[in-house]
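Heads up, the thing below is written out as structure tokens.
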Amino acid sequence: MSQEDLKIVIALARTYNQLFGQIEQHLRRFKLTTSEFGVLEFLYHKGEQPTQVIAEKILVTSGTVTYIIDKLSRKALVARRGCEEDKRITYVSLTEAGWQLIDSVFKEHENFLDDLLGSFETTKKEELITLLIELQQHMKGVSNA
């Protein structure tokens, strides 16, 4: 391993920890975890979804997403509906309280991220996104070899 490889890993890990630490702290104001926010935000933008699709999109296991949905259901923020054609599938949607919460939280979250990342130049953001996507694609190719 080269020194640059090690520095990349350390820089990514520190950046991830700092970014998500600040996001977690921000979301605590709304009594939400980042995973709960992820589910609410996904449903907010995509509408009712099968549990498995939610798990794939917010990058958690099906067991974890079930736990998160249970917590959101107890808070009356989401509702479940069984699929009539396939009993193995459960759909999840926002309740009215869920819509109201995520609508206000998401706007504040956008402002929070703008404050957090807004001074970073747009061209540098685009370059970083491109580089991270290239890194992901490279790692997929290496892991599939």
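The values are calculated or read from the model by the stated rules, or taken from the named source; none is laboratory data. On a predicted model such as this, the values are computed, not experimentally measured, just so you know. Surface accessibility is based on the protein's heavy atoms, side chains included, excluding ligands, DNA and RNA. Shrake-Rupley method; radii C 1.70, N 1.55, O 1.52, S 1.80 Å.
A straight line joining the Cα centroids of region 74-145 and region 45-68 runs 11 Å.
Please report Rg over Rh for the chain, where both radii come from the alpha carbon positions and Rh follows the Kirkwood definition. Mind showing how you got there, number by number?
Numbers: Rg = 18.1 Å, Rh = 17.5 Å.
Radius of gyration over Kirkwood radius for the chain works out to 1.03.
Accessible area ranking (1.4 Å probe, heavy atoms, ligands and nucleic acids excluded), largest first, for Ile89, Ile8: Ile8, Ile89. Debye-formula intensities of region 105-145, expressed as log10 I(q)/I(0) at q = 0.28 Å⁻¹, are -0.87 (one equal scatterer per alpha-carbon, no solvent). Value of Rg to Rh for region 24-83, rounded to two decimals, is 0.94; Kirkwood radius and Rg both from alpha-carbon coordinates. Split the accessible area of the chain by element, probe 1.4 Å, and carbon with sulfur accounts for 55%.
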